[in-house]
Structures are given as C-alpha cells and as structure tokens.
1. Going through region 8-45 one residue at a time, which ones are in a loop (DSSP other than H, G, I, E, B) and closer than 12 Å to Ala100 by Cα?
2. Which of the residues that make up region 89-113 are farther than 19 Å from Leu30 by Cα and in contact (Cβ under 8 Å) with a residue 40 or more places away in the chain?
3. Would you confirm whether or not region 50-63 contains a residue that is in contact with an Asp or Glu (Cβ under 9 Å, 6 or more places away or on another chain), part of a loop (DSSP other than H, G, I, E, B) and more than 30 Å from Leu195 (Cα to Cα)?
4. In region 70-97, what residues are touching a Pro at 6+ places or on another chain (Cβ under 9 Å), closer than 25 Å to Asp109 by Cα and not in a loop (DSSP other than H, G, I, E, B)?
5. When region 149-206 is examined, which residues are found to be under 24 Å from Trp9 (Cα atoms) and of a type in the set (Asp, Glu)?
6. Give just the number: which of (1) exposed (fewer than 13 other Cβ atoms within 10 Å of the Cβ); (2) over 18 Å from the mean Cα position of the chain (by Cα) does Gly152 not satisfy?
7. Considering only residues that are under 23 Å from Arg171 (Cβ atoms) and within 11 Å of the chain's Cα centre (by Cα), which ones fall in region 8-38?
8. Residue check: is Leu195 over 21 Å from Glu20 (Cα atoms), of a type in the set (A, V, I, L, M), surrounded by fewer than 20 Cβ atoms within 10 Å (Cβ to Cβ) and touching a Phe, Trp or Tyr at 6+ places or on another chain (Cβ under 7 Å)?
Amino acid sequence: MSPGDYDAWYASPRGRWIGETEYELARRLLGPGPGESLLDVGCGTGWFARRFAEDGLAVTGLDPKPDWLAYARRQAPGIHWVEGDARRLPFPDASFDLVASIAALCFIDDERRALAEVVRVTRRRFAVGWLNRASLLYRQKGRDGGSGAYRGARWHGHGQVRELFEGLPVRNLVTRSTVFLPGGGVFARGVESVLPKRLPFGALTIAAGDVDRG
C-alpha cells in the first residue's frame, strides 16, 4: 500500500470516523496541556500527528520509512518529522511531555524494547495503542497472520498489554478500548456512543499512564 492510499482511507467516511474515534480516546487519556510537546512513534503518513498538531501541541513524528515520512512532510511541513527506529529512539531521556503511538508497536519486532524506549523519552504521560485480540476486528482481519494492512501484526488482549509494562517505571496505568463495531455505520456509531471504554472488546486497546521518575 502506498502512503497516499493509506492516508486516503482516513478521508473516507468510515476511515474518518475510526480515526477520530481512536484519536479522541488517545487525547482523553493523555490529557494534553496547551503547547505541550508530543512525539508520535510510528507516525506513518502522519494522520494522528496532524490531529495532535491541530489541537495546539508541538508535535514530532517518527517513522522508519523514508517514503512515508516524505509524504508526511508534504502534508504538514510545520511538524518536525524524524526518520528513526522505535527500538532506539534518537532522543535524550524525558525529551517530550507526551508520547503517543497508535497501532504501530504491534508491527515492530521486540515490542518490549520499543515500549521501554517510549517510557524513557516521556517526561509526563504516554498513550500506546495495540490491536485487540478480543475484538470483532481480529475475527475479521487478524486471524491466520492477518490480511491487508493488518498482515504481520501482533494482537494483544488487555492483560497481555499490561504484562508488557511489567518492570517499567510507570504508574497509574489504565487500559481502554474503542471501535467496538468497526463497520462504521449508523448502528456502529450509536453503539460506540453508549458502550463504556472500560470494556475490553474494542478494536484498539490503548494503555496510558504516567512515568515515575522517582
């Protein structure tokens, strides 16, 4: 899939609804303050990075794919785009007030190492999203190695996500999920508006917490 095709999906009615629904949960869990700095790890085409920037944050997007970053730069030249590996983030400790990563670490070998890097460069709070194995989307797109854009992804339940944080200096860790019916139709949107995010069955699980710096 080309970066243009990937980004165009977010412009479709279903893609826009899913993206906005996931973004709103991530934003609520981060609780950003005006002008805070944010790193988007595995930013891809920069769709989520652009949304955070639209809400007034000083955003840096990082991704290992130079062609996707080139596309992201063309869409938003005002954002700082960096080519890099999530397992070896090229930033000092506590470089960003906030760090987000939406369904990116589940495509990276050694998720635990990447997650430790996310925690290392976070000054205040992080929100990391994984594809949820307990979801309807997994039944549709995730089994037998995955299909389409989900091929090769690792899917985790809420308990498995929490296990990834064991031994890391974090506190107040919470897991929430969203996009319970990924079809995006009127019924799906209605269900989304009433189901609590504590239910562990949404397509995206986000783990958020504070960094404990002693």
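The values are calculated or read from the model by the stated rules, or taken from the named source; none is laboratory data. No experiment lies behind these values; they were computed from the predicted model shown. All Cβ positions, even for glycine, are placed from backbone atoms using ideal geometry, and neighbour counts span all protein chains on display.
1. Matches in region 8-45: Gly31, Pro32, Gly42, Cys43.
2. Leu89, Phe91, Cys106, Phe107, Ile108, Glu111, Arg112
3. No.
4. Once the filter is applied, which keeps residues that are touching a Pro at 6+ places or on another chain (Cβ under 9 Å), closer than 25 Å to Asp109 by Cα and not in a loop (DSSP other than H, G, I, E, B), region 70-97 yields Ala70, Tyr71, Ala72, Val82, Glu83, Asp85.
5. Hit for region 149-206 is Glu192, nothing else.
6. Only one criterion in (1) exposed (fewer than 13 other Cβ atoms within 10 Å of the Cβ); (2) over 18 Å from the mean Cα position of the chain (by Cα) is unmet by Gly152, namely (2).
7. Those that are under 23 Å from Arg171 (Cβ atoms) and within 11 Å of the chain's Cα centre (by Cα): Leu25, Ala26, Arg27.
8. no
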